[in-house]
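The values are calculated or read from the model by the stated rules, or taken from the named source; none is laboratory data. Just so it is clear, the structure is predicted and the values come from calculations on it, not from any experiment. Please note: Cβ atoms are built from the backbone with ideal geometry, for glycine as well, and neighbour counts cover all protein chains shown. Accessible surface areas use protein heavy atoms only, side chains included; no ligands, DNA or RNA. Shrake-Rupley method; radii C 1.70, N 1.55, O 1.52, S 1.80 Å.
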Amino acid sequence: MDQLFVNLKHSILIFAGNFLPEWAVILISILISVTAIAVFGPVTMMYLTLLERKFVGRIQNRFGPNRVGKWGLLQPLADGVKMLTKEDIVPKGADHFAHFLAPVAIVIPALLVFAVVPFGRNMVAVDLSIGILFFLALSSTTTIWIFVAAWASRNKFSLLGGLRSVAQMVSYEIPMVLSVVPVLMVVGSFSTVAIVEAQSGWNWFVLTPWGLIGFVLFFLTGVAEVNRTPFDLPEGESEIVAGFHTEYSGMKFALFYMAEFMNSFTISAIVSTVYLGGWQGPWLPGWLWLLIKSYALILVMMWFRGTLPRFRVDQLMGFAWKFLLPLALLNIFAAGVWLAFARPVNYLLSAIIVALALFILYFANRPDMPKKRVYRYAVE
Amino acid sequence: MMSINHFLIFTTLLFLIGLYGALSRRNMIGILMSIEIMLNAVNLNFIFFSRFLDVPAETAQVFAIFVIVLAAATAAVGLAIVLQIYRNQKTIYTDEIDLLKW
Amino acid sequence: MNSFAPLVSVVQYVLMFIVLGAAIVTVSIGNLFRAAIFLAFTLLGVAGLYFFLHADFIAAMQILIYVGAIMTLVIFAVMLTGKMQDPLVAQSNRQKIPAFIILCGVSAFLIPTILKAPWRTLATPHATTAANLGRALMGEFVFPFEIVSLVLLVALIGAIATARSDE
């Protein structure tokens, strides 16, 4: 069961190897991996939209889509037909070339990062030696295309959304990269496969003090990177219409949406790979474990959306620079201490460091509350 | 494998394209972008030599890292200067900034 | 893998032509915003070439720093300095034609030199890992590394001090 998909691909390749030359077999192997990703990504996105609408609906005490098919299961298809047939409007003053380019270009990194996600034992498309760095680098390029979309639309709301998005993503990228550093220190490799293998036998990194903090940091900055609530200022509906995609409709809008949902899936998958042990787990096959962990994280993201209000811009920036960044740096120190000492002592020491860091940062970041006034002469 | 001559000619052309941009652009940001292209051409050469010539691979790659880092510093400071000039002079065209000339 | 090499080198040549084309558009197009977009393509293409040269770490750095950070800065600056949608302003100066002629002359010198030089290429190409690179940075090159960090810090402070509007 564990190696179901691997064996399937293997037997196809052996079958092809009977009557095809070597290079064709390699080509087929690449094509199978690419096709699997190219199908898996969009299908995940389609059903994530349904899941989100159902789940948020449940939180708000309503049903969500339930007309098309049983439990609304065909709703994504109906949405797709609607998107494809909708009129594609380009504003008169827009930069046509950039307006077209941005939604197309934003999907490419979203699909490419699937290549380094280890879906199970031997189930990674390419085991790059710089896997995690590849993921971080590609997800950082999304910023440019959001900004290009915002600028090309020639709309003030788009531009405001784009500016907010750039400020936010540049700020959250730094704690995001730093929150992965402890894991890289412990594992000694960038490769996602090596990271998962280092966590075998319940040695999940989330079970260490620095891992717990790192997990929370990585997940929060990940949520901010994909512009989801409570970090969805770039597209805050109640403030700036729809942010950078105000002037997009039809399939171009759908592409932005697709990139966002695929990114939220990959970020969940990478967070579970780095901190939650990836495909490691008892009884069930590995790929199922990874999907369970990623979907659990995605449900947490949707839970955020259903319950939390949006940040204010200054709160957002303050949170990244004054809280997450110093915490990530101190967390690296805690991981270093954890590595330097023997087994029982290191847990204690790094737990103390992490607790101290949290305590100090909490007090340093307390909002400046005015003193309670005492009315001395106005008693009656 | 591709030939060493083709690759070196390619990086030379890339460098010259960047140089052409730096010489012919009026806009300061355009000049900065051309300089980035030139730096990239040099970096490509470093990496190429690190792979195919008899130098330690780490040495050349460390050089490339330093070039990338310094390019980032150049871009940050250069664009800050461009913004300040734009504020004071209301232009970023290099041939219109002639306060010291009369 | 040997029977697969021709395809790899075809992809490499295609990438080289894409980089050259995007670079030419970058330096010659009138609209500065589009020039920035094409510069992003140039940088991405160069990152792809690094991958083919087995310099994975440099490729990731190229994308992370150049495409993620420097391009964002450039587009920001293009936007803040405004007026680029005005197609009437000439974007190139009078040195355009002399520059082109001189650069053709330079390439006429350089390219024959490259073709004539006796390159002693290795039989088995080098490759290194990110771990080795880290050891080199922390060992042999630790002094330049520290200097570069200092330069970055100074550049950071300098950029903030320069760009701040006077109160």
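A few remarks follow.
- Each of A:HIS245, B:HIS6, A:HIS99, C:HIS126 has its accessible area taken with a 1.4 Å probe; listed largest first, they run B:HIS6, C:HIS126, A:HIS245, A:HIS99.
- Rg [Å, one decimal], Dmax [Å, integer] - segment C:5-93, C-alpha atoms: 15.2, 49
- Chain A: most fluctuating residue of A:MET176, A:MET185, A:MET123 per GNM, C-alpha cutoff 10 Å: A:MET185
- At q = 0.10, 0.23 Å⁻¹, base-10 log of I(q)/I(0) for segment A:134-215 (Debye sum, equal scatterers on each alpha carbon): -0.38, -1.03
- Surface/4 of the Cα convex hull for chain A, nm²: 27.0 nm²
- Average accessible area per residue (Å²) across the protein assembly as shown - probe 1.4 Å, nucleic acids and ligands excluded: 49 Å²
- Of A:LYS9/A:LYS54; A:LYS322/A:LYS371; B:LYS90/C:LYS96; A:LYS86/A:LYS293; A:LYS54/A:LYS156; A:LYS92/C:LYS96, those spanning more than 30 Å from alpha-carbon to alpha-carbon: A:LYS9/A:LYS54; A:LYS86/A:LYS293; A:LYS54/A:LYS156; A:LYS92/C:LYS96
- Hypothetical label at A:MET369: residues of segment A:311-353 whose amide nitrogen lies under 13 Å (7 Å Cα-Cβ projection): none
- Look at the stretch A:10-20: the mean tally of other chain Cβ atoms within 10 Å of its residues' Cβ atoms is 0.
- Put simply, the C-alpha atoms of segment C:107-167 give a gyration tensor, and the ellipsoid matching it has half-axes of 39, 24, 9 Å, longest first.
- Altogether, the Stokes-Einstein calculation at 20 °C and 1.002 mPa s, with the Kirkwood radius of segment A:1-106 over Cα pairs as Rh, returns a diffusion coefficient of 118 µm²/s.
- C:THR124 paired with B:THR74, simple spin-label distance in nm, labels 7 Å along Cα-to-beta-carbon: 3.7 nm
- Averaged over the residues of peptide B:39-46, the number of Cβ atoms from other protein chains lying within 10 Å of each residue's Cβ is 4.
- Label point at A:ARG343 placed 7 Å out along Cα→Cβ; residues across segment A:192-209 whose backbone nitrogen lies under 19 Å: A:198-209
- Put a plus charge on the Cβ of each Lys and Arg, a minus charge on the Cβ of each Asp and Glu, and nothing anywhere else: the dipole of segment B:4-96 about its Cα centre is then about 300 debye.
- Altogether, the Stokes-Einstein calculation at 4 °C and 1.567 mPa s, with the Kirkwood radius of segment C:25-167 over Cα pairs as Rh, returns a diffusion coefficient of 66 µm²/s.
- Under a Gaussian network description of chain C, with springs only between Cα atoms under 10 Å, the residue in C:VAL19, C:VAL67, C:VAL148 that fluctuates furthest is C:VAL148.
- FRET efficiency for the pair A:ILE89 and C:ARG164, taken as 1/(1 + (r/R0)^6) with r the Cβ-Cβ distance and R0 = 35 Å, rounds to 0.30.
- Distance-filtered residues of segment A:19-38 - backbone nitrogen under 20 Å, label point 7 angstrom along A:LEU77 Cα→Cβ: none
- Take every pair of alpha-carbon atoms less than 8 Å apart whose residues are at least six positions apart; their mean separation over the length of segment C:5-93 yields a relative contact order of 29 percent.
- Values of log10 I(q)/I(0), in the order q = 0.17 Å⁻¹, for segment A:222-352 under a Debye, Cα-only, solvent-free model: -1.09
- Semi-axes of the equivalent ellipsoid for the protein assembly as shown, Cα gyration tensor, largest first, Å: 39, 34, 29
- Going from the chain on its own to the full set of protein chains, segment A:87-130 has these residues losing 40 Å² or more of accessible surface (heavy atoms, 1.4 Å probe, no ligands, DNA or RNA): A:ASP95, A:PHE97, A:ILE130.
- Highest to lowest packing among C:95-101, A:260-266, A:104-110, scored as the average C-beta count within 10 Å: A:260-266, A:104-110, C:95-101
- Kirkwood's formula applied to the C-alpha pairs of segment B:4-96 gives a hydrodynamic radius of 14.6 angstrom.
- Dimensions (Å) - segment A:44-127, Cα atoms, principal axes, largest first: 45, 43, 22
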